[in-house]
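Contents: one structure, followed by commentary.
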Amino acid sequence: MTTFLQALVNTIMLGGFYALMVMGFSLIWGVMGVINLAHGEFVVMGAYLTWFLNRHAGWEPFATIIVVLPVMFAFGYLLQRLLINRIVDRPPLVSLLVTYGLSILIANSLKLAFTGTPRTVTTSLGGFWRVAEVTIPSVKTFDLILALAMMATLSLLLRRTRLGKAIRAAAQNRRAARMVGVEIGSVFAVTFGIGIALTGTAGILFSLTQPVAPFVGLPLTLRAFAITTMSGLGNIGGALLGSMALAAVEVYIGTYVPRVGTNLGLVATFVVLVVILITRPQGLFGGLPSAEQQ
């Protein structure tokens with residue numbers, strides 16, 4: 001029973017990270033129709049920025065959010081204006097090729113800048129709590145709190161602000177949104193900036209639990225794709241449930257199947273993904289709410 005409960009705690013912690021990690025990917029795909037194959041590399045960029053501030057300026061990793069958020073937003077905004085905006089209305093294969101090339105460029109640029117040596121981030125918030133025989137890591141608990149707070153903020157932004165309504169209108173019907181005065185280009189640029197800012201914030205959490213290296217982004221992109229496809233585009237609640245489901249598969253298989261680790265869990269996740277694509281291609285929980293929904 002203790003093993004089961006410990007695996008449950010680990011599932012919740014890992015699922016929180018996955019949920020935040022996938023939100024930027026899901027938002028960009030749902031609003032702009034762009035499948036960002038460089039998504040994992042943006043997570044790694046946020047992780048390296050966290051490591052740099054931690055290593056060279058002595059910042060507590062969680063405090064780096066005040067730098068990571070605006071820097072990654074600005075990077076995403078400019079990238080959309082200069083590059084992504086040119087492929088939004090092109091066939092899907094074009095966006096896949098461009099973002100894949102971007103992922104290669106970012107990964108190799110990070111290697112040139114930081115070498116291939118894995119980097120670790122130090123924090124004063126280490127340690128753990130014990131509840132009966134279950135261990136609750138303090139760092140991962142703070143990770144979960146930050147992830148939930150960021151997701152709640154995004155939900156309020158999309159549902160309660162004028163910008164959020166414009167984003168949802170653009171996702172639902174671009175032509176109709178233009179007719180009522182929505183400037184689609186600006187909305188897309190801000191949306192991409194928000195998505196990359198969320199992704200960079202996930203990099204903070206990533207840096208606290210794993211060593212950071214230039215070429216660790218691809219598995220994160222694959223997980224983001226699987227979760228988004230299962231949960232529905234831009235669906236925050238669905239993304240949280242899908243993330244918990246993927247985390248549960250990985251953690252419990254890694255716990256109860258000897259000498260396998262999480263690899264079999266990831267394989268099982270993609271088997272489930274194929275089944276969902278066949279039976280319910282719109283995802284289990286639908287997509288972004290329409291602009292009229294409150």
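Report yes if residue 144 is under 28 Å from residue 34 (Cα atoms) and out of contact with any helix residue (DSSP H, G or I) (no Cβ under 6 Å at 6 or more places or on another chain), otherwise no. Step through it out loud before you land on a result.
Details: under 28 Å from residue 34 (Cα atoms): yes; out of contact with any helix residue (DSSP H, G or I) (no Cβ under 6 Å at 6 or more places or on another chain): no.
So residue 144 does not fit the description; no.
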(request) Go through (1) surrounded by 17 or more Cβ atoms within 10 Å (Cβ to Cβ); (2) farther than 20 Å from residue 144 by Cα; (3) modelled with pLDDT of 90 or more; (4) not β-branched (Val, Ile, Thr) one by one and return the number of the condition residue 186 breaks. (result) (1)
(request) Inspect region 261-283 for any residue being surrounded by 20 or more Cβ atoms within 10 Å (Cβ to Cβ), more than 24 Å from residue 144 (Cα to Cα), modelled with pLDDT under 90 and not acidic (Asp, Glu) and give the result as yes or no. (result) yes
(message) Restricting to region 1-42, give me the number of residues that are of a type in the set (A, V, I, L, M, F, W, C) and under 30 Å from residue 182 (Cβ atoms).
(response) 16
(request) Quickly run through region 46-103 and pick out the residues that are part of a helix (DSSP H, G or I), within 16 Å of residue 205 (Cα to Cα) and free of Cβ contacts under 8 Å to residues at least 12 places away in the same chain. (result) 52, 63, 66
(message) Given (1) assigned to a loop (DSSP other than H, G, I, E, B); (2) more than 30 Å from residue 141 (Cα to Cα), identify the lone condition not met by residue 31.
(response) (1)
(request) Go through (1) farther than 18 Å from residue 150 by Cβ; (2) surrounded by fewer than 24 Cβ atoms within 10 Å (Cβ to Cβ) and name the single condition residue 71 misses. (result) (1)
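The values are calculated or read from the model by the stated rules, or taken from the named source; none is laboratory data. Because the structure is a prediction, the values reported are computed rather than measured. Neighbour counts run over all protein chains shown; Cβ positions are idealised from the backbone, glycine included.
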